[in-house]
1. Against the definition (at pLDDT 95 or above, under 14 Å from A:Ala35 (Cβ atoms) and within 7 Å of another protein chain (Cβ to nearest Cβ)), how does B:Ile130 come out, yes or no?
2. So which of B:Val169, B:Val136, B:Val143, B:Val179 ends up being at the interface with chain A (Cβ under 7 Å from one of its Cβ atoms) and over 17 Å from the mean Cα position of the chain (by Cα)?
3. Here is a check on your reading of the model: is A:Ile122 part of a helix (DSSP H, G or I) and at negative phi?
4. State whether the residues of region A:121-138 include one that is touching a Ser or Thr at 6+ places or on another chain (Cβ under 8 Å) and touching a residue at least 40 places away in the same chain (Cβ under 8 Å).
5. Among (1) closer than 22 Å to A:Leu100 by Cα; (2) assigned to a loop (DSSP other than H, G, I, E, B), which single condition is B:Leu151 missing?
6. Can you pull out the residues in region A:77-87 that are of a type in the set (Asp, Glu) and either farther than 29 Å from B:Val181 by Cα or open to solvent by 10 Å² or more (accessible area, probe 1.4 Å) (or both)?
7. Working carefully through the options B:Val74, B:Val90, find the one that is open to solvent by 50 Å² or more (accessible area, probe 1.4 Å), at the interface with another protein chain (Cβ under 7 Å from one of its Cβ atoms) and free of Cβ contacts under 8 Å to residues at least 60 places away in the same chain.
8. Looking only at region A:37-52, filter to residues that are in a strand (DSSP E or B) and more than 17 Å from the chain's Cα centre (by Cα); which one of those is farthest from B:Gly120 (Cα to Cα)?
2 protein chains.
Amino acid sequence: MAQQKMVNGVNVDELFKTIDAIKEKPDIAKFKFRATNKWIMGTHNRATIKSFYGALTEDDTRKPMVFELDEPPVLLGKNEGANPVEYLLVALSGCLTTSLVAHAAARGIEIKGVESRYEGDIDLRGFLGISEQVPVGYQGIRVYFKIDANLSEEQKKELIAMAQKYSPVFNTITKSAPVTVGLDT
Amino acid sequence: MAQQKMVNGVNVDELFKTIDAIKEKPDIAKFKFRATNKWIMGTHNRATIKSFYGALTEDDTRKPMVFELDEPPVLLGKNEGANPVEYLLVALSGCLTTSLVAHAAARGIEIKGVESRYEGDIDLRGFLGISEQVPVGYQGIRVYFKIDANLSEEQKKELIAMAQKYSPVFNTITKSAPVTVGLDT
């Protein structure tokens, strides 16, 4: 068997095979991701990730991954976990990083290291219903990347632009997505 | 000392004291939440949550909370953690749940249990750059709540509407937020 081409730990042969398969049969690209949540007490609740649908198949092989969510005492919680808006930054950080690394790999660009930091502003007058003028969600999020690679600053900026263009979480946050909420009957 | 009024595990006396303090000094409501991320290999990276700024104070008292992010094998990963778009659902689930429970508490509505499930659609032709017509982010997310409380279906639907109105993550996703990304120099 021929050796598989790996760049940045990404199996590039497999990646291009997937792209070819999707071009032939676009339904392969349709994924459904899921979570469940159970309220514990006060600001403490617990989310679980397990099954997903994708590549025309239901995947239930993963062990459940459980996440505690809570607030710090200043927000009336007991620090039983990171809070929901912090999990949003976790999601954004993972997605920009993977998008950057994978799209670099697809172009044969080798990366030695990637680190990034995130800071988002929220004015709780929105959440608390004190002012209708104040946005309830993040007012803005700032992201800073450090990329260790044999690349010019210009080339590193191109990688960052690519990460933004192709990251699903970045695009969900910056372009919005419809969310329907109803009673489970 | 007088006993504190607790509803749904939320200290309602403290909540209303906080609201009064913010009305007098709005800067108390300005929070900054943060994350850092380090790429490990391929689609595997690691996010850390620790410090935040809020109530006019820098809080560095929490222990670091570490989250592994990876993809399943069908998306070229090794299942070292949930993937970024799944973390987004975790964030949404925690935020809607806490918003529902806290706003019910503020109105004196007692809740016995809350469970919810989330499913979001992503077409990976966006991420893979196969089609410019396909959105890169979530095309839509569906949420279903089960609420155990002495309430009519109409009252439960009002609670769900309140959760959507006041949840920061729900509002970030449905109304979008600006994200600036740059090189850390």
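1. Details: at pLDDT 95 or above: yes; under 14 Å from A:Ala35 (Cβ atoms): no; within 7 Å of another protein chain (Cβ to nearest Cβ): yes.
When the stated conditions are applied, B:Ile130 does not pass them.
2. Only one candidate passes the filter, namely B:Val136.
3. The answer is no for A:Ile122.
4. Yes, region A:121-138 contains a residue that is touching a Ser or Thr at 6+ places or on another chain (Cβ under 8 Å) and touching a residue at least 40 places away in the same chain (Cβ under 8 Å).
5. Every listed condition holds for B:Leu151 apart from (1).
6. Filtering region A:77-87 down to residues of a type in the set (Asp, Glu) leaves A:80, A:86.
A:Glu80, the sole residue that qualifies.
7. So the residue among B:Val74, B:Val90 that is open to solvent by 50 Å² or more (accessible area, probe 1.4 Å), at the interface with another protein chain (Cβ under 7 Å from one of its Cβ atoms) and free of Cβ contacts under 8 Å to residues at least 60 places away in the same chain is B:Val74.
8. Only one residue fits best here, namely A:Met41.
The values are calculated or read from the model by the stated rules, or taken from the named source; none is laboratory data. Just so it is clear, the model here is predicted, and its values are computed rather than measured. For neighbour counting, all protein chains shown are included, and Cβ atoms are generated from backbone atoms with ideal geometry for every residue, glycine included. For accessibility, only protein heavy atoms count, side chains too; no ligands or nucleic acids. Shrake-Rupley method; radii C 1.70, N 1.55, O 1.52, S 1.80 Å.
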